[in-house]
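The values are calculated or read from the model by the stated rules, or taken from the named source; none is laboratory data. Small disclaimer: the values here were computed from a predicted structure and weren't measured. We place every Cβ from the backbone using ideal geometry, glycine too, and count neighbours over all the protein chains shown. The protein model used for the area step is the full one, side chains on, heavy atoms only, and it has no ligands, DNA or RNA in it. Shrake-Rupley method; radii C 1.70, N 1.55, O 1.52, S 1.80 Å.
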Amino acid sequence: LPIICVDIVIKDLNGSILLIKRKNEPLKGEWWVIGGRIYHGENVIHAAKRKVLEEVGIEIDLLDFIGYYEDKYDKNFFQEDCVYHTISLVFETKINRIPQVILDKQSTHWKWASNLPDRFRVNTL
């Protein structure tokens with residue numbers, strides 16, 4: 001079954017996008033947006049806010065739904081021998097100030113970028 005996730009595109013006032021360098025599969029070592037799995041019974045908006053707070057230590061309030069991202073990976077965090085299929089609900093939020101970024105154990109670095117990663121293509125409904 002597909003794994004349902006949230007991905008959050010965080011932009012500053014200049015339109016730069018906050019990216020993290022992943023420490024785990026899938027996409028280990030690649031720059032990516034903040035996001036991850038939704039827990040069983042968890043509200044989608046709560047999941048998005050939780051992921052941002054857990055991964056970069058930023059509290060966010062307003063989220064705009066911008067579409068979805070779907071992908072399949074040969075490698076996964078659980079090291080299972082199967083194709084890992086994810087469907088992410090993608091949200092965008094804008095922040096007014098440059099926050100202090102506090103990375104969790106899932107990432108090695110962070111940066112502000114002018115574009116989303118090439119692989120990350122948001123589909124609109």
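Exactly one condition in (1) open to solvent by 30 Å² or more (accessible area, probe 1.4 Å); (2) assigned to a loop (DSSP other than H, G, I, E, B) is not met by H109; state its number. Single failed check for H109: (2). Filtering R50, R22, R37 for residues that are of a type in the set (K, R) and open to solvent by 90 Å² or more (accessible area, probe 1.4 Å) leaves a single hit, R37. Just one of the listed residues (L19, L27, L62, L53) is out of contact with any strand residue (DSSP E or B) (no Cβ under 7 Å at 6 or more places or on another chain), hydrophobic (A, V, I, L, M, F, W, C) and farther than 20 Å from V83 by Cβ, and it is L53. Taking I60 as the residue in question, decide whether it is of a type outside the set (D, E, K, R) and either in a strand (DSSP E or B) or under 20 Å from T124 (Cα atoms) (or both). Considered against the rule, which asks whether it is of a type outside the set (D, E, K, R) and either in a strand (DSSP E or B) or under 20 Å from T124 (Cα atoms) (or both), I60 comes out as no. A single member of I98, I10, I3 is of a type outside the set (K, R) and under 13 Å from the mean Cα position of the chain (by Cα), and it is I10. Listed here are the strands (runs of 3 or more DSSP E) enclosed by the range 1-47 that have at least 2 residues being in contact (Cβ under 8 Å) with a residue 12 or more places away in the chain and within 12 Å of F91 (Cβ to Cβ): 3-11, 34-37.
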